[in-house]
1. Would you kindly state how much longer the chain becomes between residue 61 and residue 250 on full extension, computed as 0.36 nm times their sequence separation minus their alpha carbon distance, in nm to one decimal?
2. Equivalent-ellipsoid semi-axes (√(5λ), Cα gyration tensor) for region 6-89, whole Å, largest first?
3. On full extension of the chain, what length is gained from residue 27 through residue 191, given 0.36 nm per residue of separation minus the C-alpha to C-alpha distance?
4. Could you give the distance between the Cα centres of region 1-79 and region 206-264, to the whole Å?
5. What number, in percent, do you get for the relative contact order of region 167-266 if the mean sequence gap of Cα pairs under 8 Å and at least 6 apart is divided by its residue count?
6. Just the C-alpha atoms of the chain: what Rg/Rh do they give, with Rh taken as the Kirkwood radius?
7. How much mean residue ellipticity at 222 nm does the chain get from its helices, if each DSSP H run of length 4 or more adds -39500 (n - 2.57) and you divide by all residues, to the nearest 500 deg cm²/dmol?
8. Work out how far the C-alpha atoms of region 132-237 reach from end to end along every principal axis, then list the three figures in whole Å, largest first.
């Protein structure tokens, strides 16, 4: 098997393209006298004459012409491979597995997908949505996700996190509800049935109970649901009221109104990522922080 010196092969290609040693030397940024020995060394290495030296012109032998055809593809493929490796190392290309909770689905994630598509068109985002925070944390721990967007949760070793924003809660009320003119005094909802996220698996369920108790009552939970869209749909159908993060207001369903609370209650939204994840992670997390500000999403 012949091992080719790429420097010699590129020198041959430039000489063959230019049909002139001087112009080829300029393209290679080398002294012209060095080129002829380089081509002769390549010929000796592969055992084939590439240039016809019987005339004063630079002409190719049939073997040289064929090598030139193949060499273009070889060098282009190598240049492409090097460029791709550099893009991957810089976090500009590859794939990233990102999972997120349902309440981040309606504003933040679409904005992120659009921003990443504009800034990093060669990066493929593999998105898994409508997860609960414990599921996001578990998938980060077992390596099936690179980045997660979730509520504060105990994270495994090797997983770092960063607060994206402290998100106000708003009341989701059926259209026409007496409190819909807002802002809502939470204590005024003490006698209302609540639609809640699943208590065992959702940070929002705990936030609901804590907020209501701080307002002087324990909420009556009529129904527990897993998905944010289901929760909002149940409110729209008149089955109860709910507290949801402000970002959920991007989900517009007829029959529901989102009303701010008179006394602000917030819940953090965080990004978490594996420390051994691709270089792209840092750029995506930085973009998440930019997008997840109160004036934005």
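Computed from the coordinates by the stated procedures, all read-outs in this text should not be read as laboratory data. Fair warning: this is a prediction, and the values are worked out from it, not measured in the lab. Neighbour counts are summed over all protein chains in view; Cβ atoms, including those assigned to glycine, are modelled from backbone coordinates with ideal geometry.
1. 61.1 nm is the gain from fully extending residue 61 to residue 250.
2. Working: eigenvalues 120, 44, 24 Å².
Square roots of five times the eigenvalues give 25, 15, 11 Å.
3. Between residue 27 and residue 191, full extension yields an extra 50.9 nm.
4. With region 1-79 and region 206-264 each reduced to a Cα centre, they are spaced 73 Å.
5. On the way: 191 pairs, mean separation 49.8, N = 100.
Computed over region 167-266, the figure is 50 percent.
6. Working: Rg = 31.3 Å, Rh = 23.6 Å.
Checking Rg against Rh, the ratio lands at 1.33.
7. Per the formula, -12500 deg cm²/dmol.
8. Answer, in whole Å and largest first: 48, 26, 22 Å.
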